[in-house]
Amino acid sequence: MDNILDVKNLRLYYHTSKGVVKALDDVSFTLKKGETLGLVGESGCGKTTTGVALLRMPSPPGRIEEGSKIVVDGIDIMTLSEKDIRKDVRWEEISMVFQGAMNCLTPVYTIGKQMMETLQEHRDMDKKQAEELIKEYLGLVGLPPEVAGRYPHELSGGMKQRVVIATALFLKPKLVILDEPTTALDVIVQAQIVNLLKKLKKTFDLSFIFITHDLALEAEICDRICVMYAGKIAELGTNQQIYGKQGPAHPYTEKLLAATPLLKKKVDTLSFIPGAPPDLIHPPTGCRFHPRCHVAMDKCREEEPPLLEIEPGHMVACWRCVK
Amino acid sequence: MSINENDNILRLVDLKKHFTPHLGLVKSLTGGTKKVIKAVDGITFNIRRGEIFGLIGESGSGKTTTGKLVMKLLEPTSGQLIFNDEDVTNSNKERTIRYRREVQMIFQDPYASMNPRFKINDVLREPLIIHKIAGDRTQHEEMVIKALREVKLNPPEEFTTRFPHMLSGGQRQRVSTARTLILNPMMLVADEPVSMIDLSTRAEILAMMKDVQRHMNLTYLYITHDLSTARYFTDRIAVMYLGRIVEMGPADELIDNPLHPYTRALISAVPEPETGKVDIIKEVPISGEIPSPANIPSGCRFHTRCPFAKPECSELEEPELMDVGGGHMHACRRWKEIG
């Protein structure tokens, strides 16, 4: 068993009164044990939706459509009942650090009490044992044990983020989904958290899905990068294939990279991608990126490009890459 | 417009803002002492006419408080604010209103800075009404169209009838910019104007702001925590730490050749899209987090986190900004030794 996660033809649609929003359309990827996969793209491209779908908890009116397959460590979670998912999958197998999670801590409970809730729900443990475990995990994320008795407002943003990470690791999951874990933090704290994540990954033998819109940060932590656009995968490749000398293959990835300001290189003008991601009720015909693409051809407007492997491990959905 | 080194639009002279928190009943009866929060603790800098000045710092460094002091939204505890050679620190109400017309602000959150019940036309007309700008409705509407054209919302007539929720984040930030331009200001304070906008459109908004600045001869104070956009966008940068400026200089010079250990740490922590870093645990040059402004360390206030700190750094007086030539200033006593 090599793959911790196997996602096939994942489709998640929101059935709204205005029509069906195809938030995820035929997304397939795998994740090897011990690997970090980065999901990048603009807001509204399906990054967070993918994360939530993997926990099988789309927010209504969202629904995971028939034919989608999510296999976690050999178990097809699409066939499980909600009760079993709750008991055996969420937090036990996959956990998630939600976006802005540090603002999700209840202000009226102490950190220790909030962490205790997770344990009481899943484990038969007396209070003493649980308290010991909480202290141990706080230590693992670099916090002193006194933090258990504090309230969220007494902690800084970086400390709260550490608490949330500790809570996500509590039940020893194999896969952790991190949704923009450092977005609200300053650069120095961000670097500290990235280091912490790298260390924890080794200690616990974890696999990560790292969601962010920051391509520069992604380069520092992810083995493979998955670029999403309008609910589909545009490009999927190794760190080397995306950031290496030859550059990415998909024009969208290319444009995203060009729009990232670099600190150590002085540029006079930054390029940008005109327009915005499309409305997913009526996505554009053909390639969904063609209205914003600088190299679009006639074929791109008519026919949707398939996700093809152009070199080992490097998948691209672009007609220009089809020979 | 070329920038003249001696033509300053705004001068901040030893400006301080200390907050004294309210002590509860129990604490005041039991003899608790008030802890003064020194958010801005003596900053001095000049903004030259026609330049983009960047103010950089982590959360808690006092950069937003400085922005509020410049906007006269807060009264400084001491120090002076000199605008076009006129001391406006304690100006009367009328002068302050006129000052706010001349110095305008673009806010961070484009989703919260507009009344959701106002159409864009009303959003842009409101400053004209508040500042009693002469003109009837049609004249005002012409000004609205002109401002929208300036920020490249085309065709402007189509946008005037829309509500804010019908616009994207980038479009809203363009409307925010148009709202400031309609009063013909001399200077704009922009507090993190692109931090909530998608990366792909950030560059577009900054480019638009730069065009407007050149076209209308404006001066910007750009407040941010993002060094990468600051390098691209600004002419000069000042780095703040715990209420003080620790380094200041031309943008390229400061980033290519930082002298203060704090600036160095900030620069080295910025991720770059390069390969071969995944397995490396990058050394973070400074540990911990920014101390509380209610409890500022003695001596150099950075010594508690500085990797080069010696006993003298905490014992001797706080270093003042020293000029090393070319307008590059820093406040580190040991800068030569740490080379």
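Read the figures in this text as sums done on the coordinates, not as results from a lab. A quick note: this is a predicted structure, and the numbers were derived from the prediction, not measured. Neighbour counts are summed over all protein chains in view; Cβ atoms, including those assigned to glycine, are modelled from backbone coordinates with ideal geometry.
Remarks
- Kirkwood Rh and Cα Rg combined as Rg/Rh, region B:107-170: 0.95
- Extension reserve of the residue A:154-residue A:81 stretch, reckoned as 0.36 nm per residue once the Cα distance is removed: 22.3 nm
- Label-reachable residues, region B:26-45, where backbone N falls under 15 Å from a point 7 Å from residue B:235's Cα toward its Cβ: none
- Stokes-Einstein diffusion coefficient of chain A, Kirkwood radius over Cα pairs, 4 °C, 1.567 mPa s, in µm²/s: 62 µm²/s
- Amide hydrogen neighbours beyond the local backbone of residue A:39, cut-off 5 Å, H modeled: A:210, A:211, A:212, A:226
- Cα-based Lys pair tally, region A:12-108, threshold under 20 Å, eight or more apart or on separate chains: 8
- Within chain B, the selection of entire DSSP H helices by a Cα span of 24 Å or greater along the long axis and an average Kyte-Doolittle value of at least -1.0 returns B:199-215.
- Paired Rg and Dmax values of region B:93-237, which use every Cα atom, in angstrom: 14.7, 44
- Placing pseudo-labels 7 Å out from each Cα toward the beta carbon at residue B:295 and residue B:195 gives an inter-label distance of 2.4 nm.
- For region B:254-259, 3J(HN,Hα) per residue [Karplus equation, 6.51 cos²θ - 1.76 cosθ + 1.60, θ = phi - 60°, Hz, x = Gly/Pro]: 5, 7, 6, 9, x, 10
- Between 0 and 90°, nearest 10: helix A:157-169 axis offset from chain A longest Cα axis: 90 degrees
- Antiparallel bridges, percent of DSSP beta bridges restricted to the protein assembly as shown (to nearest 5): 60 percent
- Qualifying lysines (Cα of each under 26 Å from Cα of residue A:323; at least 8 residues distant if same chain): A:8, A:232, A:245, A:255, A:299
- Using the average count of surrounding beta-carbon atoms within 10 Å as a protection proxy, the listed peptides B:326-332, A:128-134 rank, highest first, as B:326-332, A:128-134.
- Evaluated at q = 0.18, 0.25 Å⁻¹, a Debye calculation over the C-alpha positions of region A:230-273 (equal weights, vacuum) places log10 I(q)/I(0) at -0.61, -0.99.
- Counting only DSSP beta bridges whose two residues both lie in chain B, roughly 60 percent are antiparallel.
- For residue B:336, a cut-off of 22 angstrom between C-alpha atoms picks up these lysines, skipping any fewer than 8 places away in its own chain: B:310.
- Spherically averaged projected area of region B:31-122 from its Cα convex hull (nm²): 9.8 nm²
- Derived scalar couplings ³J(HN,Hα) [region B:303-311; Karplus, 6.51 cos²θ - 1.76 cosθ + 1.60; whole Hz; x for Gly, Pro]: 4, 5, 10, 7, x, 9, 5, 10, x
- Cα centroid separation, region B:25-102 to region A:103-164 (Å): 38 Å
- Length released on extending from residue B:158 to residue B:80, taking residue separation times 0.36 nm less the Cα-Cα span: 23.6 nm
- Alpha carbon convex hull of the protein assembly as shown, projected area averaged over orientations, nm²: 33.8 nm²
- Within chain A, DSSP assigns beta bridges of which about 60% are antiparallel (rounded to the nearest 5).
- Among the trypsin sites (Lys or Arg not before Pro) found in region A:36-126, those both in a DSSP coil and sparsely packed, with 14 or fewer other Cβ atoms within 10 Å of their Cβ, are A:123.
- Here the label points at residue B:117 and residue A:204, each 7 Å from Cα along the C-beta direction, are separated by 4.8 nm in the simple model.
- Between residue B:314 and residue B:336, the C-beta separation translates, for a Förster distance of 25 Å, into a calculated FRET efficiency of about 0.85.
- Equivalent ellipsoid of region B:156-273: semi-axes from √(5λ) of the C-alpha gyration tensor, largest first, are 30, 16, 12 Å.
- Expected-Rg normalisation [2.2 N^0.38 Å, Cα atoms] applied to region A:184-241: 1.23
- Ordered from longest to shortest, the equivalent ellipsoid semi-axes for region A:184-323 are 29, 19, 15 Å, each the square root of 5 times a Cα gyration tensor eigenvalue.
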